[in-house]
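Here's the structure, in structure tokens; my notes come after.
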Amino acid sequence: MIRLIVNIIIFAGLVYGGFWLWNNNPTVRNFVQDKLETGKFLTLEEQFSSEQIMAANEQELLKDESYTFLEPDLIFYPYLLMEVKYVASGDKTGEGMLLWGLDNGEMVIDATTWERSHGFEDAINSGASRNDFKLLNIIAKNRGTVTRETLANTLNIEGAILDSWLDAARKKQLIIRSGDGYRIHLNKPRLNVDPITKINTWLVTKPFKGVNKMPRQYSKSQVENVCKAAFGESFAIRNVSEVFLPVYIIRVMNPDGSVFTTYWNALNGKRIIDVF
């Protein structure tokens, strides 16, 4: 009987430990998922080849004949592609596709320019709630700074409740006091956006074998939770797929033997300065 109890305790400990690692350690989660993956995966279709990018940017990358290109690499960054519906301006229902980075926790606003949001990653990491986003959205709509009086009038809630919301958001480092009001605790936040991505590209399939995929830093559930908190009760996710963004790593051998590395978006042929 004692042995049975000990075995149950050990089994429960292993299950709990595995569950904790799965939810709190992206490296372990990615390793298991990648080992289980077989067949093919979905990726946004490449619009530019590495040769085209190198030819178009040769003058910038090769200063003279002593600089040479090395063999480029193709890597894939993970994203969630969600079919969504939401309440748009004018109280109309909007529908479309929403592309969200599993590597950086931000949504893509425009897949042609690769314009992105700024601030959702902090919200994910802090466990931002719906109440936190009510504050953040009002502040964002008021050009980044708002008084307590404006928050109280807009939200139409009691002062004690508002103070509890403000305290919670401050403890999560989402907002800070600024003079007589509050502002979002980010440099140039971009949160006041419609939950839709301007996207005009095809999805294609590729075999898993030999593909260099970057690890996921965030899970599907984390992205879905922040979307529901940020975009309100009217926001709904119909379908979700994991897709990948193709990125070229283009390296240049310098005369002194050092290597200059750059990253390029294969959809628009543009250099990625802030590498994910």
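No value in this document is a laboratory result; all are computed from the given coordinates. What you see is a predicted model; the values in this text were computed from it and never measured. Note: ideal-geometry Cβ built from the backbone for every residue, glycine included; neighbour counts use all protein chains shown.
Extending 7 Å from the Cα toward the beta-carbon at both residue 176 and residue 219 defines two label points whose distance is 3.2 nm. Among the GluC sites (Glu not before Pro) in the range 113-202, those placed in a DSSP loop whose Cβ has at most 13 other Cβ atoms within 10 Å are 158. With just the Cα atoms defining each centre, how far is the range 131-182 from the range 40-111? Give it in Å. If you average the Cα positions of each part, the centres end up 34 Å apart.
Using a Förster radius of 51 Å, what is the FRET efficiency between residue 251 and residue 158 based on their Cβ-Cβ separation? Nearest 0.05, please. Numbers along the way, then the final one.
Details: r = 59 Å, r/R0 = 1.17.
Step by step, r from the Cβ atoms, then E = 0.30.
Once the cut-off is 17 Å, how many percent of the Cα-Cα pairs in the range 119-192 end up in the long-distance tail? Please list the in-between numbers first.
Numbers: 903 of 2701 pairs.
Here the long-distance tail beyond 17 Å is 33 percent of all Cα pairs in the range 119-192.
Bridgeable lysines around residue 188 (alpha carbons under 19 Å apart, same-chain partners fewer than 8 residues away excluded): 134, 141, 172.
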